[in-house]
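Down below is the structure, laid out as structure tokens.
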Amino acid sequence: MKPVMDWIKRNWVVVVLTVVAVAALPTMVYVSTRMSNALKDDMQKRVAADWKDVGNSKVTYSLPSIIPGQTEAQQSTDVNAVLTKYYRDRRQALMTEAGKVAQEAIAFNKGSHTLLVQGLFPEPAELQKEFKPLEMAKKYVGPAHVDLLAAKGVGAAKPLDSKELATQLNEYAEQRMRTLKQGGGGLTPDEQVKLTDEVMQQRIGRYKQHAMGIHLYADPGVFLDVPQAAPNTPPSLRQCWDWQERYWIHQDLVGACAKANAGSDADAGVPASVVMRIVSIRADAAAYGDASGGAPEGGGNAGLPGPEGGESAAPAAAPDLVPVNKEVSVTGRSGGTPQNQFYDVRTVQMVVIVSSERLPQLFDALAATNYMTVLKLDLDRVEPLEDLREGYYYGDEHVVRATLKIETIWLREWTREWMPKVIKTALGVIEPAKPAKGPG
């Protein structure tokens, strides 16, 4: 025992350290366990936070619908660089394509429409406020519609003058009577019948010859909404704008008739045409009323008429889609309301003598000429012999008298630039926002 004690005394430091080490084992195990749990909790919290961040990184990719009524194309997934680039490029491509379609639509609607009088719209200069409206009246009443019917491809003309033709036929009859009476005496009953038949054949021959040289019957008198004479006092800007719009409508309708006849045999004249005669054309009143500020005559363009120079309530911002009202027409389109800031609607009545079998070709020509839709169609019987007495020769094809109510659309994207202020006020036109100017 003593030797052991002596060793301990000599090596007490070793003994103390050993005892401390042995005594510290439970403490170290306890401390290390607590440290492991804390570390585990901390790591779990970090992982949970990272997982939450990953979960929150989900996005919904979408492509806008170009056609109204269609839903957007959507895909909800994690953020993905490839998908992000795809949807960005596809969205840009869609916007570019939609922009091209919009520009083509505007170009189609505008077509070759120009102002009858330059310097009148949207407002003439101070020194021309009387001269320009008078110039518009004279042109609208006078040469504008004459030139329209004489345009290349239209081939319109009125029938032969009945009085002039009667004079010529009387001269022919007298000459034939002198020939038949060379033997003396009067004409026998048979000779009288023969002469009457010859004169009738001569009349029909003249009508047919004239019809073969034109494409359809029409003259400036068929435009019922054109005054007989230009006014002596300057018309208002409201009236001038109404005339301008009516002329564009007349231009499109005549152009559609010419387009329908374009596929016919040009050498065969009227008998080969689809539209053989324009009886009448009359555009209904606009949403802003007539020259006196009156309300529109017919449906299709219910609006906000008001007196010239009057102020209307500020309209609300236009929605993305124009509301459709089937009570207005079969298309449901209407213009002249604050809810429709995109286009105006004007209806027109057109009466034509047309081939009954090829009438659908006229419908196609209307749609191919501009945004025109037939809202209503009435067909009446035609008595060719009665029209023949007035000089209208239609040939052997069956024809009908068609009365069409047609809806015409006018995009404000191009008409707004020329609209007088009084028209914009009456229609509640909202001017597009101007792009903000950059620095400098």
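Sort out which residues of region 136-146 are open to solvent by 40 Å² or more (accessible area, probe 1.4 Å) and either at pLDDT below 95 or farther than 12 Å from P231 by Cβ (or both), and write them in order of number.
Step one: of region 136-146, the residues open to solvent by 40 Å² or more (accessible area, probe 1.4 Å) are 138-139, 143, 146.
Result: K139, P143, V146.
Against the list (1) free of Cβ contacts under 8 Å to residues at least 12 places away in the same chain; (2) within 23 Å of C257 (Cβ to Cβ), the condition A125 fails is (2).
What do you reckon, is Y207 of a type in the set (S, T, Y) and either at pLDDT 95 or above or assigned to a loop (DSSP other than H, G, I, E, B) (or both)? No: the conditions fail for Y207.
Would you confirm whether any residue within region 191-205 is touching a His at 6+ places or on another chain (Cβ under 7 Å), surrounded by 14 or more Cβ atoms within 10 Å (Cβ to Cβ) and either under 26 Å from E383 (Cα atoms) or without any contact (Cβ under 8 Å) to a residue 24 or more places away in the chain (or both)? Among the residues of region 191-205, not one is touching a His at 6+ places or on another chain (Cβ under 7 Å), surrounded by 14 or more Cβ atoms within 10 Å (Cβ to Cβ) and either under 26 Å from E383 (Cα atoms) or without any contact (Cβ under 8 Å) to a residue 24 or more places away in the chain (or both), which makes the answer no. Here H215 passes the criteria (1) surrounded by fewer than 24 Cβ atoms within 10 Å (Cβ to Cβ); (2) touching a strand residue (DSSP E or B) at 6+ places or on another chain (Cβ under 9 Å) except the one numbered (1).
Listed here are the residues, each with its yes/no results for (1) of a type in the set (A, V, I, L, M, F, W, C); (2) farther than 10 Å from A256 by Cβ.
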{"site": "V354", "(1), (2)": "yes, yes"}
{"site": "D364", "(1), (2)": "no, no"}
{"site": "Y371", "(1), (2)": "no, yes"}
{"site": "D378", "(1), (2)": "no, yes"}
{"site": "R381", "(1), (2)": "no, yes"}
{"site": "P384", "(1), (2)": "no, yes"}
{"site": "Y393", "(1), (2)": "no, yes"}
{"site": "D396", "(1), (2)": "no, yes"}
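Can you tell me which residue within region 147-180, out of those that are hydroxyl-bearing (S, T, Y) and exposed (fewer than 13 other Cβ atoms within 10 Å of the Cβ), is modelled with the highest pLDDT? Show your work before the answer.
Taking region 147-180 and keeping what is hydroxyl-bearing (S, T, Y), we get 162, 167, 172, 179.
With exposed (fewer than 13 other Cβ atoms within 10 Å of the Cβ) added as a condition, the list becomes 162, 167, 179.
Numbers: S162: 77, T167: 82, T179: 76.
Once the filter is applied, the top-ranked residue is T167.
All of (1) over 24 Å from Q251 (Cβ atoms); (2) part of a loop (DSSP other than H, G, I, E, B); (3) modelled with pLDDT of 95 or more; (4) open to solvent by 60 Å² or more (accessible area, probe 1.4 Å) hold for E417 with one exception: (1). Flag: W410 matches the condition of being of a type outside the set (A, V, I, L, M), touching a residue at least 60 places away in the same chain (Cβ under 8 Å) and within 26 Å of A260 (Cβ to Cβ).
If I filter region 219-233 for residues that are out of contact with any helix residue (DSSP H, G or I) (no Cβ under 9 Å at 6 or more places or on another chain) and either open to solvent by less than 10 Å² (accessible area, probe 1.4 Å) or modelled with pLDDT of 95 or more (or both), do I get at least one hit? The answer is yes; a qualifying residue exists.
Report yes if F131 is open to solvent by 20 Å² or more (accessible area, probe 1.4 Å), at pLDDT 95 or above and either under 28 Å from D219 (Cβ atoms) or over 27 Å from the mean Cα position of the chain (by Cα) (or both), otherwise no.
Values: open to solvent by 20 Å² or more (accessible area, probe 1.4 Å): yes; at pLDDT 95 or above: yes; either under 28 Å from D219 (Cβ atoms) or over 27 Å from the mean Cα position of the chain (by Cα) (or both): yes.
Against the criterion (open to solvent by 20 Å² or more (accessible area, probe 1.4 Å), at pLDDT 95 or above and either under 28 Å from D219 (Cβ atoms) or over 27 Å from the mean Cα position of the chain (by Cα) (or both)), F131 qualifies.
With respect to (1) in contact (Cβ under 8 Å) with a residue 60 or more places away in the chain; (2) farther than 30 Å from H113 by Cβ, the lone exception for Q182 is condition (1).
Which one is modelled with the highest pLDDT among residues in region 323-346 that are open to solvent by 40 Å² or more (accessible area, probe 1.4 Å) and of a type outside the set (D, E, K, R)?
In the first step, residues of region 323-346 are kept if they are open to solvent by 40 Å² or more (accessible area, probe 1.4 Å); the result is 323-328, 330, 333, 339, 342.
Those left that are additionally of a type outside the set (D, E, K, R): 323-325, 328, 330, 339, 342.
On the way: P323: 80, V324: 85, N325: 84, V328: 83, V330: 89, Q339: 82, F342: 94.
Out of the qualifying residues, it is F342.
Among the residues of region 378-400, those that are touching a strand residue (DSSP E or B) at 6+ places or on another chain (Cβ under 9 Å), open to solvent by 60 Å² or more (accessible area, probe 1.4 Å) and not in a loop (DSSP other than H, G, I, E, B) comprise D378, L379, D380, R381, P384. Annotation note: of L165, L116, the sole residue that is under 30 Å from T408 (Cα atoms) and either touching a strand residue (DSSP E or B) at 6+ places or on another chain (Cβ under 7 Å) or touching a residue at least 40 places away in the same chain (Cβ under 8 Å) (or both) is L116. From the list L362, L375, L366, the lone residue that is open to solvent by 20 Å² or more (accessible area, probe 1.4 Å), modelled with pLDDT of 95 or more, in contact with a strand residue (DSSP E or B) (Cβ under 9 Å, 6 or more places away or on another chain) and not in a loop (DSSP other than H, G, I, E, B) is L375.
The values are calculated or read from the model by the stated rules, or taken from the named source; none is laboratory data. All of these numbers come straight from a predicted model, not from anything done at the bench. Neighbour counts run over all protein chains shown; Cβ positions are idealised from the backbone, glycine included. Side chains included, ligands, DNA and RNA excluded: accessible areas come from the protein's heavy atoms. Shrake-Rupley method; radii C 1.70, N 1.55, O 1.52, S 1.80 Å.
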